[in-house]
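Colleague: Please see the structure below; I have some questions.
The values are calculated or read from the model by the stated rules, or taken from the named source; none is laboratory data. This is a predicted model, so every value here is computed, not measured. Cβ: placed from backbone, ideal geometry, glycine included. Neighbour counts: every protein chain shown. Side chains included, ligands, DNA and RNA excluded: accessible areas come from the protein's heavy atoms. Shrake-Rupley method; radii C 1.70, N 1.55, O 1.52, S 1.80 Å.
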Amino acid sequence: MTEYGKALSVTETSIPGLVVFDLPVHGDARGWFKENWQREKMTALGLPDFGPVQNNISFNDAVGTTRGIHAEPWDKWVSVATGRIFGAWVDLREGPSFGAVYTTELDPSKAIFVPRGVGNSYQTLEPDTAYTYLVNDHWSPDASYSFLNLADETAAVEWPIPLSDVEISPKDLAHPRLADVTPIPPKKILVIGANGQLGRALHAEYGDEPHLEYADRASLDLASPGLASARRWRDYGTIINAAAYTKVDVAETPEGRKDAWAANVTGVAALARIATENGITLVHVSSDYVFDGTQGRPYREDDPLCPLGVYGQTKAAGDAVVSTVPRHYVVRTSWVIGDGNNFVRTMASLAERGIDPKVVDDQVGRLTFTEDIARGIRHLVDTGAEYGVYNLTGAGQPQTWVDIAREVFALTGHDPARVTGVSTEEYFAAATSPVALRPRGSVLDLGKLEATGFTPEASTESLARYLTRTV
């Protein structure tokens, strides 16, 4: 008999992500009513906001009807409309929980969320049983599926009705044992801008696992009208956008303005649309240039944006676009140093060649090394940190550009007194082409990021290691 009057509650199982819900069923002499799926209440209890796109119903008229153990590359919300079933779930995902088993009975007062890659099977315990399931993807012959034999000795499911006495399809009986199952891989991660300095750092951080893909402009054009069909986007869990137009001064020219808006806004909007429609987490890298640098204290994530130039305007617009994606991380950084040409390498080269540079002394910030950005991004994604905006720069005491230049000279064995400090106006006084305004204060507050369990390395320590490795 279905139990009436339960409180809505959730129970964790031995399989990660597989959760059972007790549902309030309200009944009287006329029958019963329940809220079979209620997004607001259930997500508040921890149910993933999995975005179902299809509702299926399965009906079995005979007791003992048994369906095979199938694992699909989508999430399912399974509940019973009438009758009662015995369910068996086996984790067929890559990872340490592969092969874990969980069983329970479902009636109208109990439902279960089945994450992608967890195999499920049902045995009917009452006649005329109907169960329903919501799924967050459409069936495709190109998707990856896994199947497990109902009688597998390793899983050792204790079926209420012996398999010899029930109705099973020949196809289900022919499925492989657990030792021969092909595990369901994780959802794909796509890194865009793979040939840039941050893209290369992300490649070094993530490696070449089969579910990792790296794309440059030649292999994925964000301006293409066919972008929506360029990939089977439902197979992707995360897109990391490491591509951007970063020519700050050129952006002040008519042609540069056009290119900056195309890359930093139009292309980002196309990604945001795809991420929203397919339930993908979008990671977008932003900049301290979204601020004017006059705050007088480290900038927090919720401070109003006030860019000074075209580049900053496009980055601010891109941030706004990405913030509309339900699953998003905007990673705001500053003074980025990677494996290409950059300020640190230039200073080291000048020191070695005996050139005494003049360096700006009225802009304050922290260096951020691409390997630290890559580590921070992976931390946010892997830990499932709350979606939103995060400042991610090097830690430690803020410095001016002249401070950093002198430190580079000292670390490479040269006299730091050879570096002369000048104002921003003095530095650019002889420029013959447009020069973008720079924020004078680029220090970003790291408290929100550190609260997630990630502490960036001090910029001075990263600088010393970088010079040891590259100079």
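Colleague: Give the peptides 435-441, 277-283 in descending order of average Cβ contacts within 10 Å, highest first.
Modeller: Numbers: 435-441: 19.3, 277-283: 21.9.
Sorting 435-441, 277-283 by mean packing, highest first, produces 277-283, 435-441.
Colleague: Specify which labelled value, from (i) 33; (ii) 51; (iii) 47, agrees with percent of Cα pairs over 34 Å apart derived from the coordinates of the model shown.
Modeller: Of the labelled values, this structure produces (iii).
Colleague: To the nearest 20 debye, what charge dipole does the chain have about its Cα centre, counting +1 at the Cβ of each Lys and Arg and -1 at the Cβ of each Asp and Glu?
Modeller: Values: 42 positive and 61 negative charges, 181 e Å.
Taking the Cα centre of the chain as origin, the dipole is about 880 debye.
Colleague: What are the residues whose amide H is under 5 Å from the amide H of Ile184, where those residues sit 5 or more places off or on another chain and H is modelled from the backbone?
Modeller: Under 5 Å from the amide H of Ile184 lie the amide H atoms of Arg93, Glu94, each far enough along the sequence or on another chain.
Colleague: For Ser287, enumerate residues with amide H under 5 Å from its amide H, sequence gap 5+ or separate chain, H modeled in the peptide plane.
Modeller: Thr333
Colleague: Quick check: the angle from helix 343-352's long axis to the longest principal axis of the chain, C-alpha only, nearest 10 degrees?
Modeller: Taking the Cα atoms of the chain, the angle to 343-352 is about 40 degrees.
Colleague: Can you compute the label reach from Asp445? Point 7 Å from Cα along the Cβ direction, backbone N cut-off under 16 Å, restricted to segment 376-419.
Modeller: The answer is 389-393, whose backbone nitrogens lie closer than 16 Å to the label point.
Colleague: While we're looking at this one, here's another question. Which of the peptides 197-204, 99-106, 250-257, 389-396 is most tightly packed, and how do the rest follow, judged by the mean count of other Cβ atoms within 10 Å per residue? Let's see the in-between values first.
Modeller: Numbers: 197-204: 21.2, 99-106: 17.6, 250-257: 16.1, 389-396: 23.6.
For the peptides 197-204, 99-106, 250-257, 389-396, the packing ranking is 389-396, 197-204, 99-106, 250-257.
Colleague: For segment 1-158, what log10 I(q)/I(0) values come out of the Debye formula at q = 0.08, 0.16 1/Å, with one point per alpha carbon and no solvent?
Modeller: -0.22, -0.92
Colleague: Then there's this: Order the peptides 365-378, 260-273 from the highest to the lowest mean number of other Cβ atoms within 10 Å of their residues.
Modeller: Numbers: 365-378: 23.9, 260-273: 20.4.
So the peptides 365-378, 260-273, ranked by packing, come out 365-378, 260-273.
Colleague: If you take every DSSP beta bridge fully contained in the chain, what fraction is antiparallel? Give it as a percent rounded to 5. Could the numbers behind the result be given before it?
Modeller: Working: 50 of 82 bridges.
Counting only bridges with both partners in the chain, antiparallel ones make up about 60 percent.
Colleague: State, to one decimal in nm, how far the label point of Ala179 lies from the label point of Ala262, with both points 7 Å from Cα in the Cβ direction.
Modeller: Computed distance between label sites Ala179 and Ala262 equals 5.8 nm.
Colleague: What fraction of the DSSP beta bridges in segment 287-435 is antiparallel, stated in percent and rounded to the nearest 5?
Modeller: Numbers: 2 of 12 bridges.
Within segment 287-435, antiparallel bridges account for around 15 percent of the total.
Colleague: Output wanted: per-residue J couplings in Hz (rounded whole) for segment 304-315, from phi through Karplus 6.51 cos²θ - 1.76 cosθ + 1.60, θ = phi - 60°, x for Gly and Pro.
Modeller: So the Karplus estimates, Gly and Pro as x, are x, 7, 8, x, 8, x, 4, 4, x, 5, 5, 5 Hz.
Colleague: Name the residue farthest towards the positive end of the dipole of the chain from the options Trp77, Thr460, Leu350, assuming +1 on Cβ of Lys and Arg, -1 on Cβ of Asp and Glu, about the Cα centre.
Modeller: Leu350
Colleague: Using the Karplus curve 6.51 cos²θ - 1.76 cosθ + 1.60 with θ = phi - 60°, work out ³J(HN,Hα) for each residue of segment 403-416 in order, rounded to whole Hz, and write x for Gly and Pro.
Modeller: 4, 5, 4, 5, 5, 4, 4, 5, 5, 9, x, 10, 6, x
Colleague: Can I ask one more? Count the net charge of all other residues whose Cβ sits under 15 Å from the Cβ of Leu220, scoring Lys and Arg as +1 and Asp and Glu as -1.
Modeller: Values: positive: Lys188, Arg217, Arg231, Arg232, Arg273; negative: Glu213, Asp216, Asp221, Asp235.
Surrounding charge for Leu220 is +1.
Colleague: Under a Cβ-only charge scheme (Lys and Arg +1, Asp and Glu -1), can you give me the dipole magnitude of segment 263-336 about the Cα centre, in debye to the nearest 20?
Modeller: That gives segment 263-336 a dipole magnitude of about 120 debye.
Colleague: Hey, what do the phi angles of segment 381-392 turn into as Karplus ³J(HN,Hα) couplings, whole Hz, using 6.51/-1.76/1.60 and θ = phi - 60°, x for Gly and Pro?
Modeller: Karplus-based 3J(HN,Hα) across segment 381-392 equals 5, 5, 8, x, 4, 4, 5, x, 9, 9, 7, 9 Hz.
Colleague: Put +1 on the Cβ of every Lys and Arg and -1 on every Asp and Glu Cβ in the chain; which of Leu380, Leu437, Leu45 then has its Cα farthest towards the positive end of the dipole?
Modeller: Leu437
Colleague: Full extension from Glu12 to Arg300: what is 0.36 nm times the residue separation minus their Cα-Cα distance, to one decimal in nm? Let's see the in-between values first.
Modeller: Values: separation 288, 0.36 × 288 = 103.68 nm, distance 3.62 nm.
Extending this stretch completely gives an extra 100.1 nm.
Colleague: Moving on. Where the centre of each part is set by its Cα atoms, how far does segment 355-381 sit from segment 1-74, in angstrom?
Modeller: 49 Å
Colleague: Further question: What percent does the relative contact order of segment 255-309 come to when contacts are Cα pairs within less than 8 Å and at least six residues apart? Please report the intermediate quantities before stating the final value.
Modeller: Values: 20 pairs, mean separation 13.8, N = 55.
Across segment 255-309, relative contact order equals 25 percent.
Colleague: Name the shape class, rounded, prolate or oblate, that the alpha-carbon gyration tensor gives for segment 360-453, where a ≥ b ≥ c are the square roots of its eigenvalues, rounded holds for a/c under 1.5, and otherwise prolate holds if a/b is larger than b/c and oblate otherwise. Could the numbers behind the result be given before it?
Modeller: Numbers: a/c = 2.85, a/b = 1.77, b/c = 1.61.
Prolate shape, in that a/c is at least 1.5 and a/b is the bigger ratio.
Colleague: Skipping prolines and chain starts, which residues have an amide H placed within reach, meaning under 5 Å, of the one on Thr281, given they are 5 or more residues away or on another chain?
Modeller: Thr238, Ile239
Colleague: Let me ask something else. May I ask for the percentage of alpha-carbon pairs in segment 239-387 that lie more than 18 Å from each other?
Modeller: Numbers: 6972 of 11026 pairs.
Cα-Cα pairs in segment 239-387 separated by more than 18 Å: 63 percent.
Colleague: Starting from the residue with the highest accessible area, list Arg217, Arg353, Arg406 in decreasing order, probe 1.4 Å.
Modeller: Per-residue accessible area, sorted high to low, gives Arg217, Arg353, Arg406.
Colleague: Please list the radius of gyration and Dmax for segment 302-385, considering alpha-carbon atoms only, with Å as the unit.
Modeller: For segment 302-385, the Cα radius of gyration and maximum Cα-Cα distance read 16.8, 53 Å.
Colleague: Here's something else I'd like to know. For segment 174-313, what relative contact order do you get, as a whole percent, if you take Cα pairs closer than 8 Å and at least 6 residues apart? Spell out each step's value before the answer.
Modeller: Values: 170 pairs, mean separation 32.7, N = 140.
Computed value for segment 174-313: 23 percent relative contact order.
Colleague: Give the angle, between 0 and 90 degrees and rounded to the nearest 10, that separates the Cα long axis of helix 459-470 from the longest principal axis of the Cα atoms of the chain.
Modeller: The two axes meet at around 80 degrees.
Colleague: Here is a follow-up. Within segment 104-128, find all residues whose amide N lies under 14 Å from a label point positioned 7 Å from the Cα of Ser97 along Cα-to-beta-carbon.
Modeller: Under cut-off, by backbone N: 113-120.
Colleague: Follow-up. Given an 8 Å cut-off on Cα distances and at least 6 residues of separation, report the relative contact order of segment 357-471 as a percent.
Modeller: Values: 147 pairs, mean separation 50.1, N = 115.
Relative contact order for segment 357-471 comes out at 44 percent.
Colleague: Any chance you could count the Lys pairs in the chain whose alpha carbons are under 14 Å apart, treating pairs 8 or more apart or on different chains as valid?
Modeller: 6
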